[in-house]
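Comments concern the structure below.
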Amino acid sequence: MEISTRTDALARFGHALSDGTRTSVLLALKDGPAYPADLAERAGVSRQVMSNHLACLRGCGLVVAVPEGRRTRYELTDSRIAHALEDLVSLVLVVDPECAPADEVVPS
């Protein structure tokens, strides 16, 4: 197991949040453990796509896979991640449309 520096941990968290599907997974897991098929359905993606996102989130150290018989349940690695997500969601940002990613539509 590798212990991340504070900078590395924040960069990994930022990478995880940089994708809408991964963000929706983290927000779903903030409310409690879930199964990949349920997460895929909720996010509107295939199970294979969800598997790739969950692998990324595991690699970032944000989620853990917990075997349950023939199924695997996913949960946040630390309850403080849920608190951090709550804090981030509660922020109100004034966004400059010029700074939005090119593939994102910014309402005017």
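Couple of notes before you dig in:
- Furthest towards positive pole of dipole, 48, 37, 7, structure part the range 6-88, Cβ charges: 48
- With eigenvalues of the C-alpha gyration tensor scaled by 5 and rooted, the chain, Å: 25, 18, 13
- MRE, 222 nm, helices only [DSSP H, n ≥ 4, -39500 (n - 2.57), over the chain, to nearest 500]: -15500 deg cm²/dmol
- Applying the Karplus relation 6.51 cos²θ - 1.76 cosθ + 1.60 with θ = phi - 60° to the range 46-63 yields 3J(HN,Hα) values of 6, 5, 5, 4, 4, 4, 5, 5, 5, 4, 5, 5, 5, x, 7, x, 9, 10 Hz, where x marks Gly and Pro.
- Stretch in the chain that is longest and holds no GluC sites (Glu not before Pro) that DSSP places in a loop and that have at most 11 other beta carbons within 10 Å: 3-103
- Between residue 73 and 66, 68, the built amide H atoms are under 5 Å apart, and every one of these is 5 or more places off in sequence or on another chain.
Any read-out appearing in this document is the output of simple, stated calculations on the displayed coordinates, not a laboratory observation. Predicted model only: the values in this text are computed from it and were never measured. Ideal geometry is used to build each Cβ from the backbone, glycine not excepted, and the neighbour counts take in all protein chains shown.
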